[in-house]
1. Dipole of the chain, Cα-centred, from +1 at each Lys and Arg C-beta and -1 at each Asp and Glu C-beta, to the nearest 20 debye?
2. Past the 28 Å Cα-Cα mark, which pairs from Lys85/Lys199; Lys62/Lys219; Lys30/Lys189; Lys30/Lys131?
3. Can you list residues from other chains, or at least 5 along the same chain, whose modelled amide H is less than 5 Å from the amide H of Gly208?
4. Which percentage, to the nearest 5, of the DSSP beta bridges contained in the chain is antiparallel?
5. What do you get for GluC sites (Glu not before Pro) in the range 1-71 restricted to DSSP loop and a cutoff of at most 16 other Cβ within 10 Å of the site's Cβ?
6. Go through the range 158-175 residue by residue and turn each phi into a ³J(HN,Hα) via Karplus (6.51, -1.76, 1.60, θ = phi - 60°); whole Hz please, and just put x for glycine and proline.
7. Which FRET efficiency value, to the nearest 0.05, is calculated for Trp122 and Asp217 with the Förster distance at 41 angstrom and r the Cβ-Cβ distance?
8. HN-Hα J couplings of the range 76-92 from phi, Karplus 6.51/-1.76/1.60, θ = phi - 60°, integer Hz, Gly and Pro as x?
Amino acid sequence: MDKMDEEVLVVPKDIFFARFEYFEGFKPAKHFYDESEYTHDLEGHEYTMCSDHILSNKRYMKRRDCEEDPSYLQIIPYICIFHNKGIFYVERGSGSGESRLHGKISIGMGGHLNESDWDWTWPAYNPLLKKSSTVTHGCRNDLILHGAMRELYEETDIDGNINITFAGLINHDCDPVNAVHLGVVFFAKLWEDTTIQPKELEKIDAHGLMYPHMLMDSKHYDRLELWSKSILDKLKEIDKNEHYG
């Protein structure tokens, strides 16, 4: 099937922002700023409020019909991986297919949502790789979370345990491509003895774990993809990196 015939989940932009105040860039979840004992409950409440609004107003459209229609937001779960004080990154290569992304650095992985994501579950054991992993999270199980976990599973090989946190939302209206996408951001923290490798090595030129301040230096910053740059900028501003590394 042509990828442009894929039916993806969208929400009318005016309906989404009728509930949430307009913002530009990465808007972190409130629990980033909350140091109380109720932080975990706040995370679950925030995610449920956001997810409820999206899923109660969702519809499915072919990608070709919504790619250039800014009246709809394509909902993209976007998941970043933190491990041993570093952030997992990939540098996209010529095999990635989209020339505009060649040489760009990304700290997240994301993709469109489909109705089939309702039924997707994290495989506890991969018999081919003989690896096992367990996922815990503070969010309710729903299509958006399942889509984020599916992206993580499709893009990486993880051997060990993972904790997923709802991190916030991303919106950019700076160009036609970003104007039709809304990111629902999750952070995945790997347990200490967990290992991770990207699956599609032919599509990337480099990968690994890097300290946040190194990704923010002059050698890397200008090559960061917009969503990755937005997240790192905000994390530096609120100085919460240590909670996820």
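1. Numbers: 27 positive and 43 negative charges, 59 e Å.
It comes to approximately 280 debye.
2. Numbers: Lys85/Lys199 22 Å; Lys62/Lys219 39 Å; Lys30/Lys189 18 Å; Lys30/Lys131 35 Å.
Long pairs (Cα-Cα over 28 Å): Lys62/Lys219; Lys30/Lys131.
3. Here Tyr89 satisfy the definition.
4. On the way: 39 of 54 bridges.
Close to 70 percent.
5. Glu6, Glu21, Glu24, Glu35, Glu37, Glu67, Glu68
6. 10, 10, x, 10, 9, 10, 10, 10, 5, 10, x, 10, 10, 9, 9, 10, 7, 7
7. 0.75
8. Going residue by residue, I get 10, x, 10, 10, 10, 10, 10, 7, 6, 6, x, 10, 6, 9, 9, 9, 6 Hz, with x marking Gly and Pro.
Rule-based calculations on the coordinates, nothing more; no lab input. What you see is a predicted model; the values in this text were computed from it and never measured. Every residue, glycine among them, receives a Cβ derived from its backbone with ideal geometry; neighbour counts consider all protein chains shown.
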